[in-house]
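Have a look at the structure below, then the notes.
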Amino acid sequence: MTALVQGGVGLTLGSAAFLAVHVLLSRRSAVDERPTDVHPPVWPALGMLGLFAAVEEAVFRIGVLGLGSRVVGFPAAFGLSVLLFAVVHRAQERLSALAWVNLGLVGALLGLLYRHGGFWAALGFHWAWNGWEWGLGYAVSGELNRSRLPAPPVVRHVRRLRYGPEAHWAASAVLGTSLVVLVVLAR
């Protein structure tokens with residue numbers, strides 16, 4: 001599979017996954033939104049999100065999972081990459097138990113995408129998830145990160161959840177289903 005196809009698969013899956021979370025949140029009326037007066041150019045924000053995703057994927061998938069698999073085997077390296085991915089995303093603020101679970105699900109999903117689809121598939125998924133999350137006005141990796149990105153035209157807050165969509169059951173449902181489908185397809 002070429003890098004372009006890998007990336008396209010990842011972008012498609014990541015887009016579908018986050019948009020499904022957004023639809024579930026919206027249908028449950030779990031989101032408060034307010035328009036902003038800011039209309040930033042989209043490409044610089046998406047570029048920054050892509051750079052962050054690329055660095056994380058290089059560290060956690062190529063470094064911890066890829067190189068770690070050679071040293072301690074795939075299962076141990078996979079577990080370590082999932083745990084470290086969640087811990088790094090926790091560094092910004094205190095997480096609920098469900099946010100920990102969901103960050104673990106994201107780490108596992110990205111790890112399996114890397115193993116079965118390649119680096120570009122994992123990067124595409126990660127970038128698409130973060131891009132839609134920002135573009136639809138949600139906090140990317142927690143509310144404390146909002147100040148690092150330009151404000152989108154609409155700001156959305158998931159009610160009673162400081163961390164954002166990754167702390168909601170809608171993300172659990174979508175990520176869990178995506179992970180099961182990926183495991184089944186990988187066999």
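Regarding the range 55-75, can at least one residue be identified that is crowded, with 20+ Cβ neighbours inside 10 Å, touching a Gly at 6+ places or on another chain (Cβ under 6 Å) and over 22 Å from residue 165 (Cβ atoms)? Within the range 55-75, one or more residues are crowded, with 20+ Cβ neighbours inside 10 Å, touching a Gly at 6+ places or on another chain (Cβ under 6 Å) and over 22 Å from residue 165 (Cβ atoms). Within the range 26-37, no residue satisfies the criterion of being charged (D, E, K, R), surrounded by 12 or more Cβ atoms within 10 Å (Cβ to Cβ) and assigned to a helix (DSSP H, G or I). Among the residues examined, residue 178 does not qualify as under 18 Å from residue 111 (Cβ atoms) and not in a helix (DSSP H, G or I).
Can you find even one residue in the range 38-53 that is of a type in the set (A, V, I, L, M), farther than 23 Å from residue 186 by Cα, crowded, with 17+ Cβ neighbours inside 10 Å and out of contact with any Gly (no Cβ under 7 Å at 6 or more places or on another chain)? There is at least one residue in the range 38-53 that is of a type in the set (A, V, I, L, M), farther than 23 Å from residue 186 by Cα, crowded, with 17+ Cβ neighbours inside 10 Å and out of contact with any Gly (no Cβ under 7 Å at 6 or more places or on another chain).
Filtered by the rule that a residue be at pLDDT 95 or above and among the small types (Gly, Ala, Ser), the range 9-26 gives 10, 14, 15, 16, 17, 20. Looking across the range 117-165 at every residue that is in contact with an Asp or Glu (Cβ under 8 Å, 6 or more places away or on another chain), assigned to a loop (DSSP other than H, G, I, E, B) and hydrophobic (A, V, I, L, M, F, W, C), the one that is surrounded by the most Cβ atoms within 10 Å (Cβ to Cβ) is identified as 139. Note on the range 70-116: residues that are under 20 Å from residue 141 (Cα atoms), not in a helix (DSSP H, G or I) and not acidic (Asp, Glu) total 5.
The values are calculated or read from the model by the stated rules, or taken from the named source; none is laboratory data. Keep in mind it's a predicted model, so treat the numbers as computed, not measured. Please note: Cβ atoms are built from the backbone with ideal geometry, for glycine as well, and neighbour counts cover all protein chains shown.
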